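The values are calculated or read from the model by the stated rules, or taken from the named source; none is laboratory data. No experiment lies behind these values; they were computed from the predicted model shown. Positions of Cβ are generated from backbone atoms using ideal geometry, with glycine treated the same way; all protein chains shown enter the neighbour counts.
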Amino acid sequence: MKWIDYATPHSVREAVDVLSEAGGRARVMAGGTDLLVALRAGVYDIDLVVDGKNIPELNEITYDPTNGLTLGAAVPCYKIYGNQAVATAYPGLIDAASLIGGTQIQGRASLGGNLCNATPSADSIPPMIALNGTANIAGPNGNRQVAIEDFCTGVRQNALGSDEILVSLHLPAPVANSGANYIRFIPRNEMDIAVAGAGVSVVLDNGDIKEARVSLASVAPTPLFVQEAGDAIAGKPANDETVRIASGIARDAARPITDMRGTIEFRQHLCEVLTRRALNTAIERAKENN
Amino acid sequence: MPGKTYVQTNINGEHVDFLCEPRQSLLECLRDVIGLTGTKEGCNDGNCGACTVEMDGRIVTSCLVLGVEAEGKEITTIEGIADGSTLHPIQQSFLENAALQCGICTPGFIVASKSLLDQNPDPTEHEIRFWLANNLCRCTGYDKIIRAVQDAAVKMQEA
C-alpha cells in the first residue's frame, strides 16, 4: 500500500474540517473491509484515511417504534443483527447484514460503508432502498438527506462531496402489515458476491398489496430501484398472479452485463425468480406482522 | 511523507507499545514490528481468515485492520490461547483429531473456534460451519476441523 496518513476525528465537525482540508485526497473508513482492500489494489489515489469509528454519531444505533431506526454509518453488521429490537423490526435488513462476508467481516463491516463503497453487488443497499431509507450526510454547510436509491451514482461512485461524510442511515418505523426480504443468488452457500439480488418490501391491506418497493443488486451500474414493479401491483390482491406481474417487470428493468459470475440472460432470469421469492417471503412476513 | 505513529495496546493480556506507519496493517505490525509471528498471512484481503485475531471481544481479520487502530484495544492472538506450556482444549483437540496438515490456516481456525465456544459452548455442526466460513483450509476438507471443534466443546463443558 502507498503512503497514507491517518486521522481520527472525534466529532462530525472535526471530520468535515479534515475532509475539507484534504481537498478530495481523503476517504472515510468505517470497518475498512472494502477500503483497505481497495487501497492495496490502487483503486483510490488518496493521501489520508479518516477513521470514522471514534465519532459518536457514526456509532449510534437507536430504534424507536415511532421514529424508526437511526443507524450510525460505522455500526458493524454484528451489532445490527445482535440488537433484538432492530432484528425484530427489520428482518429484511437483517437478511443482508447477516450474509455479508463471514464472521470476521461482520465484526467490522458496516452498512454505511457498504453504501459508500457503492458497488452494484452491495447486499445491503437493495433492502435499504426497499425499506425507504435515507442517508444523513454532513458537510461544511450543515446536514442534508439523500434517499438511498439516489445515493449511488455509478460503479464505486456516490453522492458525497469530497468534504462530506455519511453520518447515519435512517429507516422509517415499520407499519402494521408490512414485510420485507432480501435474497441473492450465489453459486455457493455463502461468502460470495451476488450474481443478482432482490430486496423488496410490501404493505398489505385486507389481503391486497397497498404498497410495494422492489430493488435489485448486481444487474446495473448501481443498485437498481424498480419503482414501476411496486407501483404496478399496488391495489392488487397479494397472490401469485400479482407477484408474477412485479417479477416480470423487475426482469425487464434489469440491465445486467455478462461477466465471470453470470450472463445477461441468466441474470435477467434470476431477477424474476429472486423478486418472486422475495415478494412471497415479504408477504408472509407482512401477514405475521399485524 | 507521514512519519510513524506511536501505538499503545494490549496484546494477550500484556501492555504493548510500538511504532508503525499508518498504512501498515495490524497483521504486519503483529508479525514484523512486534514479532508475534503465530498469526499468518494468507490472502491479505480478508477472504481466508488465516490472520484472524480477537479485538475487543470480536474476531477480525487483522489484514483488514490498520495497526494504528489497535490504540487502546485488547487483542488476543494465537500466542495467547495456550496456558504456558499447557495447550488449550481446542489446540489439543486439533492435534488429536488431525485437524491440520500444512498448518498455515490453523492459528486462524483456533482463534475463531475459541471465540465461538466462548459465546456458544454447545454449537450445532451447522453453527460451527457458518461461524468458520471465513476461514479457508485447502488441506483437510474441513470435516476434521469441525470434529475437533465439536470434541473441544465436549471437553470444555466437562472441565
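Note on segment A:49-77: residues that are buried (at least 19 other Cβ atoms within 10 Å of the Cβ) and touching a helix residue (DSSP H, G or I) at 6+ places or on another chain (Cβ under 8 Å) total 16.
Just to be sure, is B:Thr5 in contact (Cβ under 8 Å) with a residue 24 or more places away in the chain, surrounded by fewer than 19 Cβ atoms within 10 Å (Cβ to Cβ), touching a helix residue (DSSP H, G or I) at 6+ places or on another chain (Cβ under 8 Å) and within 14 Å of chain A (Cβ to nearest Cβ)? Even if it seems obvious, please write down each step before you answer.
Values: in contact (Cβ under 8 Å) with a residue 24 or more places away in the chain: yes; surrounded by fewer than 19 Cβ atoms within 10 Å (Cβ to Cβ): yes; touching a helix residue (DSSP H, G or I) at 6+ places or on another chain (Cβ under 8 Å): yes; within 14 Å of chain A (Cβ to nearest Cβ): yes.
Yes.
Taking the conditions (1) over 23 Å from A:Asp150 (Cβ atoms); (2) within 19 Å of the chain's Cα centre (by Cα) in turn, A:Arg244 satisfies each one other than (2). B:Glu71 passes every criterion in (1) buried (at least 21 other Cβ atoms within 10 Å of the Cβ); (2) of a type outside the set (A, V, I, L, M); (3) more than 13 Å from the chain's Cα centre (by Cα) apart from (1).
Of the residues in segment A:1-33, how many are in a loop (DSSP other than H, G, I, E, B), within 9 Å of chain B (Cβ to nearest Cβ) and within 20 Å of A:Lys79 (Cβ to Cβ)? Spell out the reasoning first.
Here is the first cut: in segment A:1-33, the ones in a loop (DSSP other than H, G, I, E, B) are A:1-4, A:8-11, A:23-25, A:30-33.
So of that shortlist, the ones also within 9 Å of chain B (Cβ to nearest Cβ) come out as A:1-4, A:8, A:31-33.
From what's left, within 20 Å of A:Lys79 (Cβ to Cβ): A:8, A:31-33.
Here the count works out to 4.
Given the criteria without any contact (Cβ under 8 Å) to a residue 40 or more places away in the chain, surrounded by 19 or more Cβ atoms within 10 Å (Cβ to Cβ) and not charged (D, E, K, R), does A:Val86 qualify?
Considered against the rule, which asks whether it is without any contact (Cβ under 8 Å) to a residue 40 or more places away in the chain, surrounded by 19 or more Cβ atoms within 10 Å (Cβ to Cβ) and not charged (D, E, K, R), A:Val86 comes out as yes.
Considering each residue of segment B:122-141, count those that are more than 17 Å from the chain's Cα centre (by Cα) and crowded, with 17+ Cβ neighbours inside 10 Å, and give that number. It would help to see each step written out before you state the result.
Here is the first cut: in segment B:122-141, the residues more than 17 Å from the chain's Cα centre (by Cα) are B:122-127, B:138-141.
Remaining after also requiring crowded, with 17+ Cβ neighbours inside 10 Å: B:123, B:140.
Residues meeting the conditions: 2.
I'd like to check something: does segment A:85-95 contain any residue that is within 13 Å of chain B (Cβ to nearest Cβ) and either outside any helix (DSSP H, G or I) or of a type outside the set (S, T, N, Q) (or both)? No - not one qualifying residue is present in segment A:85-95.
The C-beta contact set for segment A:187-215 (first residue within 14 Å of another protein chain (Cβ to nearest Cβ), second residue in a strand (DSSP E or B), distance under 9 angstrom, 6+ apart or interchain) comprises A:Asp192/A:Arg184; A:Ile193/A:Arg184.
Evaluate the following for B:Asp45: is it within 21 Å of A:Gly32 (Cβ to Cβ), in contact with a helix residue (DSSP H, G or I) (Cβ under 8 Å, 6 or more places away or on another chain) and within 14 Å of chain A (Cβ to nearest Cβ)? Break it down stepwise before answering.
Working: within 21 Å of A:Gly32 (Cβ to Cβ): yes; in contact with a helix residue (DSSP H, G or I) (Cβ under 8 Å, 6 or more places away or on another chain): yes; within 14 Å of chain A (Cβ to nearest Cβ): yes.
Answer is yes for this residue.
Counting only residues that are under 14 Å from B:Asp118 (Cβ atoms) and either among the acidic types (Asp, Glu) or outside any strand (DSSP E or B) (or both), segment B:40-69 holds 3 of them. For segment B:91-121, the set of residues classified as of a type in the set (A, V, I, L, M, F, W, C) and surrounded by fewer than 18 Cβ atoms within 10 Å (Cβ to Cβ) consists of B:Leu95, B:Ala98, B:Cys102, B:Ile104, listed by residue number.
Exactly one residue among A:Ala118, A:Ala122 is surrounded by fewer than 23 Cβ atoms within 10 Å (Cβ to Cβ), under 16 Å from the mean Cα position of the chain (by Cα) and not assigned by TED's automatic domain parsing to the domain that holds A:Thr281, and that residue is A:Ala118. Kindly indicate whether any position in segment B:78-86 is touching a residue at least 40 places away in the same chain (Cβ under 8 Å), assigned to a loop (DSSP other than H, G, I, E, B), within 15 Å of the chain's Cα centre (by Cα) and crowded, with 22+ Cβ neighbours inside 10 Å. Checked against the condition, which is being touching a residue at least 40 places away in the same chain (Cβ under 8 Å), assigned to a loop (DSSP other than H, G, I, E, B), within 15 Å of the chain's Cα centre (by Cα) and crowded, with 22+ Cβ neighbours inside 10 Å, segment B:78-86 yields no hits at all. Identify, please: which residue in segment A:100-136 is within 23 Å of A:Asn289 (Cα to Cα) and part of a loop (DSSP other than H, G, I, E, B) and is, among those, farthest from the other protein chains (Cβ to nearest Cβ)? Only one residue fits best here, namely A:Asn132. Within segment A:8-51, can you find the residues that are aliphatic (A, V, I, L, M) and touching a Leu at 6+ places or on another chain (Cβ under 6 Å)? Matches in segment A:8-51: A:Ala22, A:Ala26, A:Met29, A:Leu36.
Among the residues of segment A:105-135 satisfying the criterion of being of a type in the set (Ser, Thr, Tyr) and out of contact with any Gly (no Cβ under 9 Å at 6 or more places or on another chain), which is farthest from A:Ile193 (Cα to Cα)? So that I can check it myself, show each step before the final result.
Residues of segment A:105-135 that are of a type in the set (Ser, Thr, Tyr), as a first pass: A:110, A:119, A:121, A:124, A:134.
Those left that are additionally out of contact with any Gly (no Cβ under 9 Å at 6 or more places or on another chain): A:119, A:134.
Numbers: A:Thr119: 11, A:Thr134: 24 Å.
Per the criteria, the residue is A:Thr134.
State whether one or more residues within segment B:124-141 are touching a strand residue (DSSP E or B) at 6+ places or on another chain (Cβ under 6 Å) and not acidic (Asp, Glu). No; the residues of segment B:124-141 include none that is touching a strand residue (DSSP E or B) at 6+ places or on another chain (Cβ under 6 Å) and not acidic (Asp, Glu).
When the helices (runs of 4 or more DSSP H) confined to segment B:92-159 are screened for residues that are of a type in the set (Asp, Glu) and within 14 Å of chain A (Cβ to nearest Cβ), those reaching at least 1 such residues are found at B:106-119, B:125-131.
Counting only strands (runs of 3 or more DSSP E) that sit completely within segment A:142-228, those holding 2 or more residues that are aromatic (Phe, Trp, Tyr) and not assigned by TED's automatic domain parsing to the domain that holds A:Leu115 correspond to A:178-185.
Would you say A:Tyr78 is aromatic (Phe, Trp, Tyr), on the phi < 0 side of the Ramachandran plot and part of a helix (DSSP H, G or I)? For A:Tyr78, the condition - aromatic (Phe, Trp, Tyr), on the phi < 0 side of the Ramachandran plot and part of a helix (DSSP H, G or I) - is met.
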